[in-house]
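**Q** Here's a structure for you.
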Amino acid sequence: MFKLRYWLLVSVLLLVAAGCGGESKDETLPTRFVPPTSAETAVAGLTPDLPPTWTPEASPTALPPRPTQTIAERPTATLVILPSLTPTPEGFVPTRKPGPTATRTVIAPIDVTDETFEDEVLKSDLPVLVVFCASWFGPCKSMDPLINQIARDYRGRLRVVKIDNEQNATTAKTYEVESIPTLLIFKDGEVDQRIEGSPSNTELRQTINLAL
C-alpha cells in the first residue's frame, strides 16, 4: 500500500514537471555594435569615411577613432578692428583719433634795447637788419608781415631785430634815426645799408642782398 502511494506521487510530480517545463524562455542577450565592412558599405552605395589605420577585423567591438586635425589644418580667424563711430544727423561716421601734435619753430625778429644792442647787433657774426619802429605806429604794424617773412627766408644768413625808437632813444640818437620806420643793416659792427620809410618787398630784398 505504501509503495502504491509513493509511485502515484512520483507520477503526479512527473506530469506536473512535464507540463510546466515544456516551454523555456529564450533570453536574448544584447548585441554589440559591429561596424560594417568595406564590402558591405560599397554594396549599400556608401563611401566609408574611416581612418586607414582602423579595420573591423582588428577591433570588431570598438568604435572607429575620431579623425584628428593638426594646428596647420585648423581654420584661422581674422581679427578685424572697426573704427569707433560717432552719431551725426547723416548717420554714424568713423571717428579719427587725433595724432601727435607737430611742433613748429617760429622764426621772428628779436626785440633789443639800448642795453642789449651791442651784444645782439654790433658783436654779431652775421649781418643784422635793425628795424627802428614803434608798436603803436600804423606803418610799422603794417610792415610786420614783411619783416617776419624776411627773418624766415634769410635764416642762417641774416639776423633780424627790432628796437622801439621811443623807449631806446640813446641808440636812435647815436645812429641819427629821426623818423620811423627806419631800417639799418649792420655788417661787422658798422652801418652798411640804410632805408628810411616802408620799403617794398623787392626793394628790401635787393638792399639785403647788397650787404650779404
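Each reported figure results from applying straightforward, stated rules to the coordinates on display, with no laboratory input. Quantities reported herein were computed from a predicted structural model and do not represent experimental measurements. Positions of Cβ are generated from backbone atoms using ideal geometry, with glycine treated the same way; all protein chains shown enter the neighbour counts.
**Q** Of TRP136, ILE180, ILE150, whose Cα points farthest to the positive end of the dipole of the range 110-211 (charges on the beta-carbon: +1 Lys, Arg; -1 Asp, Glu; origin at the Cα centre)?
**A** Farthest along the dipole direction, towards plus: ILE150.
**Q** Check which residues have an amide H placed less than 5 Å from ILE110's amide H, if you skip close sequence neighbours.
**A** VAL160, VAL161, LYS162
**Q** Oh, and also: So for ASP192, ASP125, fewest C-beta neighbours within 10 Å to most, what's the order?
**A** ASP125, ASP192
**Q** For the range 110-211, what relative contact order do you get, as a whole percent, if you take Cα pairs closer than 8 Å and at least 6 residues apart?
**A** 35 percent
**Q** Counting Lys and Arg as +1 and Asp and Glu as -1, what is the net charge of the other residues whose Cβ lies under 14 Å from the Cβ of GLU196?
**A** -2
**Q** At a Förster radius of 41 Å, what calculated FRET efficiency corresponds to the Cβ-Cβ distance of LEU146 and GLU115, to the nearest 0.05?
**A** Rounded to the nearest 0.05, the efficiency is 0.90.
**Q** I would also like to ask the following. Only bridges with both residues in the range 110-211 count here: give the DSSP antiparallel percent, nearest 5.
**A** 55 percent
**Q** Just flag the GluC sites (Glu not before Pro) in the range 100-169 sitting in loop per DSSP whose Cβ has no more than 11 other Cβ atoms within 10 Å.
**A** Counting only loop positions with at most 11 other Cβ atoms within 10 Å, the GluC sites (Glu not before Pro) in the range 100-169 are GLU115.
**Q** Which whole-angstrom value gives the distance between the alpha carbon centres of the range 108-129 and the range 153-212?
**A** So the separation of the two Cα centres works out to 11 Å.
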